[in-house]
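*Asks:* To start, I am sharing the structure in question, which I have written as structure tokens.
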Amino acid sequence: AIFAVVASTVAAFQPFSSTQQPVLHHRRQVVLHDSSSSILGDACCSQGNDDAPLPPKPKGVIFDMDGTLIQHAIDFADMRRRIYEVADADPIGKDFPRTCVLTLAKELSEGGQLRANEIFADIEQKAIDDMKLMTGGVEMMRFLRDNGLKRAVLTRNLEKNVVHMLRMYLDELNLNEDGVAVEDALFHPIIARDTVAHPDATEPLKAKPNPDGILHVCSIWGCSPSEVIMVGDSANDDIAAANRAGCGGAVLLTQPGGKQLDTDSGYAVGDTEEEIRERTPSLRVESLLDLKECLEMLLEYQENKVERNDKGGLEFSTSGYSITIPSTGAKGV
């Protein structure tokens, strides 16, 4: 039984293949084994931009919303098509390049902006009507709260739509007794595309992949981005923002089998080495439960005695199995 748990954990944390996304830097691997068997895999370690896929002592986790905390419900291809049709018919927008739909909509004529906002509202309302919490989301929130790790939401959606998702989580966690005070206890802060940094600000914080939202969370939490994990389902938005901000962990949540859904809002992405590096996650998981397992191992690592093995690596024991970190390039789990 122990062996089965370890094997499933290893399988969950496989690195990107070259056909899915270019990866520039390799990370050291972790060996998981029980008393009778040994498996070499990438559990809690993957391919990415630095030596460690997660910060050794994380202060908190920032979550994207759509496709991360809630199941994917927005048809991005349909959104691009509808907004581009509005731009094609707009006296100003017809000459603009077809880029990020949010950026393009702001540059249209007054009438074009109105029609674009109606499309956004229609698509996002449908997503609210069909909203379902992501599998493993409730268990993840409970785990983070129980272990004193901060939580925040960073989304390109609107604040009013985040509230709907938040209420669903509060219901599942039975945290509705104290109203707004409990909402802050579950996610703080919540940053959407219409969130301002302070009451006197005239413009909202720049949306992902700009790192401003992550840096704002870190300023509220009083920590460095290197102590923070960003989790999302978009390499172009979430992972790029995390790497630009200098997050200690940039976790990409994929579908089973590593499949990535269409989350493209329309802006162009480059293929230079630096641009590819920005979109390269430090860790790729196929569910929030997989990430929860990885964080459990990380916290257990902190609590258990660490010893050097005869090969110069680090070795520690946890419930039912042990984890060995080879000495070459190891900088914590």
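*Asks:* What are the residues in the range 48-84 that are within 18 Å of Lys208 (Cβ to Cβ), assigned to a loop (DSSP other than H, G, I, E, B) and either open to solvent by 50 Å² or more (accessible area, probe 1.4 Å) or modelled with pLDDT of 90 or more (or both), if any?
*Replies:* Answer for the range 48-84, where residues must be within 18 Å of Lys208 (Cβ to Cβ), assigned to a loop (DSSP other than H, G, I, E, B) and either open to solvent by 50 Å² or more (accessible area, probe 1.4 Å) or modelled with pLDDT of 90 or more (or both): Asp64, Met65, Gly67, Thr68, Leu69, His72.
*Asks:* Also, I was wondering about something else. Tell me which residues, restricted to the range 114-139, are of a type outside the set (A, V, I, L, M), surrounded by 17 or more Cβ atoms within 10 Å (Cβ to Cβ) and part of a helix (DSSP H, G or I).
*Replies:* Residues satisfying the conditions are Arg115, Phe120, Glu124, Gly137.
*Asks:* For Asn174, are the conditions met, namely being within 26 Å of Val138 (Cβ to Cβ), among the polar types (S, T, N, Q) and open to solvent by 10 Å² or more (accessible area, probe 1.4 Å)?
*Replies:* The answer is yes for Asn174.
*Asks:* Sticking with this one: I'd like to check something: does the range 38-46 contain any residue that is at pLDDT below 50, under 20 Å from Thr280 (Cα atoms) and open to solvent by 70 Å² or more (accessible area, probe 1.4 Å)?
*Replies:* No.
*Asks:* Moving on. Restricting the search to the range 85-110, which residues are open to solvent by 30 Å² or more (accessible area, probe 1.4 Å) and free of Cβ contacts under 8 Å to residues at least 60 places away in the same chain?
*Replies:* Across the range 85-110, the qualifying residues are Glu85, Asp88, Ala89, Pro91, Ile92, Lys94, Asp95, Phe96, Pro97, Lys106, Glu107, Glu110.
*Asks:* Consider Met165 carefully, then state whether it is buried (at least 22 other Cβ atoms within 10 Å of the Cβ), in contact with a strand residue (DSSP E or B) (Cβ under 8 Å, 6 or more places away or on another chain) and assigned to a helix (DSSP H, G or I).
*Replies:* yes
*Asks:* For Ala235, all conditions in the list (1) among the small types (Gly, Ala, Ser); (2) surrounded by fewer than 17 Cβ atoms within 10 Å (Cβ to Cβ); (3) under 11 Å from the mean Cα position of the chain (by Cα) hold save one; what is the number of the exception?
*Replies:* (2)
*Asks:* Find the residue count for the range 104-135, including only residues that are closer than 16 Å to Lys160 by Cα and either among the hydroxyl-bearing types (Ser, Thr, Tyr) or in contact with a His (Cβ under 7 Å, 6 or more places away or on another chain) (or both).
*Replies:* Residues in the range 104-135 being closer than 16 Å to Lys160 by Cα and either among the hydroxyl-bearing types (Ser, Thr, Tyr) or in contact with a His (Cβ under 7 Å, 6 or more places away or on another chain) (or both): 2 in total.
*Asks:* Okay, moving on. Taking the condition of being in a loop (DSSP other than H, G, I, E, B) and open to solvent by less than 40 Å² (accessible area, probe 1.4 Å), how many residues in the range 211-232 meet it?
*Replies:* 2
The values are calculated or read from the model by the stated rules, or taken from the named source; none is laboratory data. These numbers come from a predicted model, not from an experiment. All Cβ positions, even for glycine, are placed from backbone atoms using ideal geometry, and neighbour counts span all protein chains on display. With ligands, DNA and RNA removed, areas are computed over all heavy atoms of the protein, side chains included. Shrake-Rupley method; radii C 1.70, N 1.55, O 1.52, S 1.80 Å.
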